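Written below as structure tokens is the structure these notes are about.
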Amino acid sequence: FDIHLFADDSNLFLSDKSLINLERVINCELVKVKAWLDANKLTLNVSKSNFIIFHSHKKKVSHNLKLTINDVALEQKQNTKYLGIIIDSNLNWKNHVHQISAKMSKCIGILSKLRYYLDRTILTQLYYAFLYPYLTYGLVVWGNTYHTNIYPIITLQKRAIRIMTHSKFDDHSSPLFKSLNILKFTDLVFFQNALLMYQYHEKSLPPIFDDFFKPVYRVHSHNTRLASRSSLYIPKIRTNYGKFNLRYLGAKTWNSIEENIKQLNKRLFKRKLKSMILASY
């Protein structure tokens, strides 16, 4: 197993091209997990334990896995919440977007009532207090998906902006975003990806990201334009899953940023990048 632990939340990962072989190996490994727990006088709440089969929506699961711990069958689920993010079996993030949309709707209802008593500055502060945390938490994980999947959030954010500016429901939103100095959701995804890549560039990410990306000069020794800059190698992709993968999208995002901005300190990097995005509205 590839084991990920956070407080009392334990996650075990295993992959295989054959579901039958995967079932056999997992059941063997679960016996070892149970033995280790018993030896260390720990108990596992089997009723709260479950498993998910991650797969493309184009590939149907042809075999029903039967996984057991201490002769108790584990329940298979299509999605689960992990550290506040709902992860689904197809990794399309629709369930998480639905959850975020419901929370945003409540916050927008509050803004719609307060706009008659507060000025635009206070409403903007409330936006960053109520809505912004939902939009940015784990965004580099779930924000990189199909536009149709995140469309509900895009619509709700525009509604919030129009409410804050006392605009009509069909007013063009770009000037409103610019007047409030707020990034559109799609640009916010790009911005968060860029911040992550800046941290990678500054070597301030956890060690697991050390080999996540490759500078162009490590791939070949040719004196190309990209190799002479702090550009990253963009891996070849064949599927949309690859297009949304951080290894691909992160490198592509970083290469799209001007070289002089990459050399700024973090505070100026964020300010300059945000200003450039807003200038395009």
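The values are calculated or read from the model by the stated rules, or taken from the named source; none is laboratory data. Computed from a prediction, not measured in an experiment: that's the story for all the values here. Cβ: placed from backbone, ideal geometry, glycine included. Neighbour counts: every protein chain shown. Heavy atoms of the whole protein, side chains included, go into the accessibility calculation; ligands, DNA and RNA do not. Shrake-Rupley method; radii C 1.70, N 1.55, O 1.52, S 1.80 Å.
Taken over the stretch 151-200, the criterion of being small (Gly, Ala, Ser) and not in a helix (DSSP H, G or I) is satisfied by Ser167, Ser173. With respect to the conditions (1) at pLDDT 90 or above; (2) not in a helix (DSSP H, G or I), Trp36 falls short on a single one, namely (2). Residues that are open to solvent by 30 Å² or more (accessible area, probe 1.4 Å), farther than 18 Å from Lys184 by Cα and part of a helix (DSSP H, G or I): does the stretch 122-138 have at least one? Checking the stretch 122-138: at least one residue is open to solvent by 30 Å² or more (accessible area, probe 1.4 Å), farther than 18 Å from Lys184 by Cα and part of a helix (DSSP H, G or I).
Looking at the stretch 235-280, which of the residues that are in a helix (DSSP H, G or I), at pLDDT 90 or above and hydroxyl-bearing (Ser, Thr, Tyr) is nearest to Phe191 (Cα to Cα)? Ranking the qualifying residues of the stretch 235-280, first place goes to Thr253.
The number of residues in the stretch 1-20 that are open to solvent by less than 50 Å² (accessible area, probe 1.4 Å) and in a helix (DSSP H, G or I) comes to 1. Find the residue count for the stretch 1-37, including only residues that are closer than 20 Å to Ala73 by Cα and acidic (Asp, Glu). Selection size over the stretch 1-37: 3.
Here the condition is being open to solvent by less than 30 Å² (accessible area, probe 1.4 Å), in contact with a helix residue (DSSP H, G or I) (Cβ under 9 Å, 6 or more places away or on another chain) and not in a strand (DSSP E or B); of Ile100, Ile86, it holds for Ile100 alone. Can you name the residue in the stretch 103-121 that is among the small types (Gly, Ala, Ser) and more than 21 Å from Asn181 (Cα to Cα) and is also least open to solvent (accessible area, probe 1.4 Å) among such residues? Once the filter is applied, the top-ranked residue is Gly109. Taking the stretch 21-45 as the range and being open to solvent by less than 80 Å² (accessible area, probe 1.4 Å) and polar (S, T, N, Q) as the test, the residues that pass are Asn21, Asn27, Asn40, Asn45.
What residue, of Leu268, Leu232, is free of Cβ contacts under 8 Å to residues at least 40 places away in the same chain, over 23 Å from the mean Cα position of the chain (by Cα) and open to solvent by less than 80 Å² (accessible area, probe 1.4 Å)? Quick ask: steps written out before the conclusion?
Working: Leu232 fails: over 23 Å from the mean Cα position of the chain (by Cα).
Every option except Leu268 fails the conditions.
Condition check for Lys178 on (1) touching a residue at least 60 places away in the same chain (Cβ under 8 Å); (2) touching a Ser or Thr at 6+ places or on another chain (Cβ under 7 Å); (3) basic (Lys, Arg): one failure, at (2). For Ile52, which of the numbered conditions (1) farther than 26 Å from Tyr146 by Cα; (2) of a type in the set (Val, Ile, Thr); (3) out of contact with any helix residue (DSSP H, G or I) (no Cβ under 6 Å at 6 or more places or on another chain) fails to hold? Condition not satisfied by Ile52: (1).
When the stretch 40-76 is examined, which residues are found to be under 30 Å from the mean Cα position of the chain (by Cα) and assigned to a strand (DSSP E or B)? Correct list: Asn50, Phe51, Glu75, Gln76.
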